[in-house]
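Asks: Structure provided below as structure tokens; questions to follow.
The values are calculated or read from the model by the stated rules, or taken from the named source; none is laboratory data. Computed from a prediction, not measured in an experiment: that's the story for all the values here. Don't worry about glycine lacking a Cβ; one is built from the backbone with ideal geometry, like all the others, and counts go over all protein chains shown.
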Amino acid sequence: MQARQTSLENCPALVLNADYRPLSYYPLSLWSWQDAVKAVFMDRVNIVEEYDRVIHSPSVEFALPSVISLKRYVKPAPYPAFTRFNVFLRDRFTCQYCGAKNDLTFDHLVPRAYGGITTWENVITACAPCNLRKGGRTPAEAGMAVRQIPFRPTAFDLQERGRRFPPNYLHESWRDYLYWDAELQP
């Protein structure tokens, strides 16, 4: 009886920058097996770790890459894009009024009806019940306290926050590259 092989679709490659740090922690920088193989053949990446799975064409056979590093360093942007996901990540996926972690949306501290604009400094994560309770008022008018003053995060801020939310799946070959600066146990 043959051992059942893992589907190729379940074999993404962890992508590291040229300094062997992940391009992104959250979402984790992963490429499909097809993109990883293409990058190998185009000589854009180095294979760092491999799966126990072999792929082949009529003329070539090699182990499927599980960790790859870019040959050229990609300088990270100093500030991340202003997106709903990045606001949630900055606020640790937590309502900034009550601390809830479900049914999240975002809220303008100074409502748009009062001239508030959609910026890092005016938008926070809120659960739907708190957002509804606050309505079109300021937090002070609604008698609600904000847990953290909103700020424009750096890419480093979001990377640090993202590391606290590990993905559902981590291949064992990735572990040495994801938490390389974690404190070691004696």
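Asks: For region 48-72, which residues satisfy the criterion of being under 30 Å from LEU89 (Cβ atoms) and of a type in the set (A, V, I, L, M, F, W, C)? Explain how you work it out, then say what you get.
Replies: Let us first name the residues in region 48-72 that are under 30 Å from LEU89 (Cβ atoms), namely 48-49, 51, 65-72.
Once the filter is applied, which keeps residues that are under 30 Å from LEU89 (Cβ atoms) and of a type in the set (A, V, I, L, M, F, W, C), region 48-72 yields VAL48, VAL67, ILE68, LEU70.
Asks: Determine, yes or no, whether ASP91 is free of Cβ contacts under 8 Å to residues at least 40 places away in the same chain and within 27 Å of SER29 (Cα to Cα).
Replies: no
Asks: Next question, about the same structure. Look through region 40-81, keep the residues that are small (Gly, Ala, Ser) and either within 18 Å of HIS171 (Cβ to Cβ) or more than 22 Å from the chain's Cα centre (by Cα) (or both), and return whichever of them is modelled with the lowest pLDDT.
Replies: Taking the candidates together, the pick is SER57.
Asks: Only residues that are within 19 Å of GLY162 (Cβ to Cβ) and hydroxyl-bearing (Ser, Thr, Tyr): list them for region 86-108, please.
Replies: THR94
Asks: List pairs: first residue in region 15-31 and farther than 11 Å from ARG163 by Cα, second residue in a loop (DSSP other than H, G, I, E, B) and of a type in the set (Phe, Trp, Tyr) anywhere in the structure, Cβ distance under 9 angstrom, at least six positions apart or on different chains.
Replies: Within 9 Å, the pairs are ASN17/TYR73; ALA18/TYR73; ASP19/TYR73; TYR20/TRP180; ARG21/TRP180.
Asks: Scan region 25-38 for residues that are farther than 13 Å from SER66 by Cα and either among the hydroxyl-bearing types (Ser, Thr, Tyr) or in contact with a Phe, Trp or Tyr (Cβ under 7 Å, 6 or more places away or on another chain) (or both) and report the count.
Replies: The number of residues fulfilling the criteria is 2.
Asks: Is one or more of the residues making up region 56-71 assigned to a loop (DSSP other than H, G, I, E, B) and surrounded by 13 or more Cβ atoms within 10 Å (Cβ to Cβ)?
Replies: No - not one qualifying residue is present in region 56-71.
Asks: What's the number of the condition PHE93 fails, among (1) assigned to a strand (DSSP E or B); (2) under 17 Å from the mean Cα position of the chain (by Cα); (3) not basic (Lys, Arg)?
Replies: Against the list (1) assigned to a strand (DSSP E or B); (2) under 17 Å from the mean Cα position of the chain (by Cα); (3) not basic (Lys, Arg), PHE93 comes up short only on (1).
Asks: In region 100-143, which residues are part of a strand (DSSP E or B) and among the polar types (S, T, N, Q)?
Replies: Passing the criteria: THR105, THR125.
Asks: Which residues, counting only those in region 56-101, are in the same structural domain as PHE156 (by TED's automatic domain parsing) and in contact with a strand residue (DSSP E or B) (Cβ under 7 Å, 6 or more places away or on another chain)?
Replies: ARG84, VAL87, PHE88, ASP91, PHE93, THR94, CYS95, GLN96, TYR97, CYS98, ALA100
Asks: For LEU16, indicate whether it is hydrophobic (A, V, I, L, M, F, W, C), under 14 Å from HIS171 (Cβ atoms) and touching a Gly at 6+ places or on another chain (Cβ under 9 Å). Step through it out loud before you land on a result.
Replies: Details: hydrophobic (A, V, I, L, M, F, W, C): yes; under 14 Å from HIS171 (Cβ atoms): yes; touching a Gly at 6+ places or on another chain (Cβ under 9 Å): no.
It is false that LEU16 is hydrophobic (A, V, I, L, M, F, W, C), under 14 Å from HIS171 (Cβ atoms) and touching a Gly at 6+ places or on another chain (Cβ under 9 Å).
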